[in-house]
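Notes follow the structure.
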């Protein structure tokens, strides 16, 4: 199967979201951190409007923590995607991906890469991309918009058969 596409910031953002949710532990830690964020936000609002000491200097660390936490949860995927697109000349080039029983072959006007299935340590399917994990700290997004429904099914089946660890599709 041959797929031709050009990656966008949204592809990298979706891939990063899939990367963050690749294990049960990371999915639950995201859910718990969002819940704790809501509780801390409610506490900060309560203290700001009804607390005994409403001075800005006393509540600034709490609001600073909330701002940083919000950025980690919701802003980080946008930052990572933008950095990937601007930091690599090869990131936004048109790609041709050949998928076969032996592995993947990715070609752009600047480079050519080949990956055997043994090299891929995991994968996850999110809303708009398949995110392949070439190591525990890197991911490779493949947009679904470049594939027909039959190609998506064929690719998913191949991933399930060839990659030793998989994550459930969302």
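The values are calculated or read from the model by the stated rules, or taken from the named source; none is laboratory data. The structure displayed is predicted, hence computed values, not measured ones. Positions of Cβ are generated from backbone atoms using ideal geometry, with glycine treated the same way; all protein chains shown enter the neighbour counts.
Is it the case that segment 32-44 has a residue that's part of a helix (DSSP H, G or I), in contact (Cβ under 8 Å) with a residue 40 or more places away in the chain, touching a strand residue (DSSP E or B) at 6+ places or on another chain (Cβ under 7 Å) and surrounded by 11 or more Cβ atoms within 10 Å (Cβ to Cβ)?
No: zero hits.
Taking the criterion of being modelled with pLDDT of 80 or more and either in contact with a helix residue (DSSP H, G or I) (Cβ under 9 Å, 6 or more places away or on another chain) or surrounded by 13 or more Cβ atoms within 10 Å (Cβ to Cβ) (or both), would at least one residue in segment 48-56 satisfy it?
The answer is no; no qualifying residue exists.
Filter segment 110-147 down to the residues that are part of a loop (DSSP other than H, G, I, E, B) and within 14 Å of the chain's Cα centre (by Cα), then identify the one that is surrounded by the fewest Cβ atoms within 10 Å (Cβ to Cβ).
137
Do the conditions hold for residue 107, that is, is it closer than 22 Å to residue 24 by Cα and more than 13 Å from the chain's Cα centre (by Cα)?
Judged against the criteria, residue 107 is not a match.
Could you check, for segment 72-95, whether at least one of its residues is at pLDDT 85 or above, surrounded by 11 or more Cβ atoms within 10 Å (Cβ to Cβ) and closer than 19 Å to residue 10 by Cβ?
yes
Quick check on this structure: which one of 150, 98 is farther than 23 Å from residue 84 by Cβ and not in a loop (DSSP other than H, G, I, E, B)?
That would be 150, the only listed residue that is farther than 23 Å from residue 84 by Cβ and not in a loop (DSSP other than H, G, I, E, B).
If we scan segment 9-22, do we find a residue that is exposed (fewer than 14 other Cβ atoms within 10 Å of the Cβ) and part of a helix (DSSP H, G or I)?
Scanning segment 9-22 turns up no residue that is exposed (fewer than 14 other Cβ atoms within 10 Å of the Cβ) and part of a helix (DSSP H, G or I).
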